[in-house]
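The values are calculated or read from the model by the stated rules, or taken from the named source; none is laboratory data. What you are looking at is a predicted structure, and each value in this text was computed from that prediction instead of being measured. Heads up, the Cβs are rebuilt from the backbone with ideal geometry, glycines too, and the neighbour counts pull from every protein chain shown.
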Amino acid sequence: MTAAAMTAPRCLCLAGPTASGKTAAALAIAAAAKVARAQPVEIVSVDSALVYRGMDIGTAKPSAAERALVPHHLIDIIEPSEAYSAARFVVDAQRLIGEITARGHLPLLVGGTMLYFKALFEGLDAMPAADRAVRAALAEQLERDGLHALYRELQRIDPVTAARLPPTDPQRILRALEVFRVSGQPISSFHRARAPQPTPPLISLEPDDRAWLHQRIEARFHQMLDAGLVDEVRALGERGDLTADMPSMRCVGYRQTWEALVTGDLSELPERGVAATRQLAKRQLTWLRSMPQRHRVACDGADAGAEVVALAARLVQALPGA
């Protein structure tokens, strides 16, 4: 056993783009472990949307029946009016990995929020804390001058960051400007190179045929609409404590539904929701391809489920202490 293996977290990770079958694969891994009388599995969600209570349909949250089969963590832990971050996820995940391991169980980290996986694997840069006053001023400037003007400002003060951000990404552009105004330093100056760290094994669900994933995304978004997504978002809006720019309401599906309700025109919602979800999946796959430690499984393959279960068993056997 190598020294790196001895220090890697003793857990298994399962990632993939939206609609790739992560929930079914995770439950299959847990069921197979139970049949084999292996270590019981506990699932830790790696999803920035599943943390919110009351956001069930649009997040494709595991059902109560599914959650009764296997213990799940980091689901329904905060209100949509609250904020959750990659830094908080790392703290929560590290604590849960320790607690689950101490029970003699296997932590299975499952999700599609690749920033959370990256933060857990590589750590986080020491960024300045959010500043409400600066953020409010930037929001006012965005409303007054438009995103293009803010992007031009970012190009001037931090061309490195501007070059890697799309000019249509308000969340990251505003954060980069906020960091500069708070610290006087470009956000790129806070990124530092790190020595490679030992990482737990990662199973990556990736389709061979992108059209397969696109079809699943379209079908699932229509299922969400049939299940009452519009009513769910309407009820969230009626709470009175949520706004369109909050992280919870910027989640894919919720943002498009909120905007449709504001305009009163739902006719383009299916098309816009599907398009936004496809873009999310594209970004997720790009993240995954940058993770060299991943073990790829073609999620559109005829034997994908069996392949995931068999691969998981082999990877668990190779974990330190197995």
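Annotation note: of VAL41, VAL70, the sole residue that is more than 30 Å from ARG234 (Cβ to Cβ), in contact with an Asp or Glu (Cβ under 9 Å, 6 or more places away or on another chain), assigned by TED's automatic domain parsing to the domain that holds MET114 and modelled with pLDDT of 95 or more is VAL70. Taken together, the residues in the range 292-322 that are at pLDDT 90 or above and more than 22 Å from ALA31 (Cα to Cα) amount to 1. When MET127 is tested against (1) in contact (Cβ under 8 Å) with a residue 40 or more places away in the chain; (2) in a helix (DSSP H, G or I); (3) not β-branched (Val, Ile, Thr), only condition (2) is not met.
VAL316 meets the conditions (1) among the aliphatic types (A, V, I, L, M); (2) surrounded by 16 or more Cβ atoms within 10 Å (Cβ to Cβ); (3) in a loop (DSSP other than H, G, I, E, B) in every case but one. The failed one is (3). Selection of the range 48-90 for residues being without any contact (Cβ under 8 Å) to a residue 12 or more places away in the chain and either under 17 Å from ALA24 (Cα atoms) or not in a loop (DSSP other than H, G, I, E, B) (or both) yields SER63, ALA64, ALA65, ARG67, ALA68, ARG88. Scoring LEU108 on the criteria (1) more than 14 Å from the chain's Cα centre (by Cα); (2) crowded, with 23+ Cβ neighbours inside 10 Å; (3) part of a loop (DSSP other than H, G, I, E, B) leaves a single failure, condition (3).
If the condition is being within 22 Å of the chain's Cα centre (by Cα), in a loop (DSSP other than H, G, I, E, B), in contact (Cβ under 8 Å) with a residue 12 or more places away in the chain and within 18 Å of THR18 (Cα to Cα), then the range 277-313 contributes MET291, CYS299, ASP300. Scanning the range 50-69 for residues that are out of contact with any Lys or Arg (no Cβ under 8 Å at 6 or more places or on another chain) and under 14 Å from MET224 (Cβ atoms) yields a count of 6. Filtered by the rule that a residue be in contact with a helix residue (DSSP H, G or I) (Cβ under 9 Å, 6 or more places away or on another chain) and outside any helix (DSSP H, G or I), the range 130-159 gives ALA130, ASP131, ASP158.
One residue stands out in the range 284-313 among those that are among the aliphatic types (A, V, I, L, M) and touching a Leu at 6+ places or on another chain (Cβ under 9 Å): the one that is surrounded by the fewest Cβ atoms within 10 Å (Cβ to Cβ), namely ALA298.
Among the residues of the range 124-163, those identified as under 22 Å from the mean Cα position of the chain (by Cα) and loosely packed, with under 11 Cβ neighbours inside 10 Å are ALA126, ALA129. Can you find a residue in the range 34-44 that is under 19 Å from LEU14 (Cβ atoms), out of contact with any His (no Cβ under 7 Å at 6 or more places or on another chain), hydrophobic (A, V, I, L, M, F, W, C) and surrounded by fewer than 14 Cβ atoms within 10 Å (Cβ to Cβ)? Yes, that holds for at least one residue. Of the conditions (1) within 16 Å of the chain's Cα centre (by Cα); (2) at pLDDT below 95, VAL46 clears all except one; give me its number. So VAL46 meets the others, but not (2). Residues of the range 17-43 that are without any contact (Cβ under 8 Å) to a residue 60 or more places away in the chain, charged (D, E, K, R) and within 20 Å of ALA64 (Cβ to Cβ): LYS34 alone.
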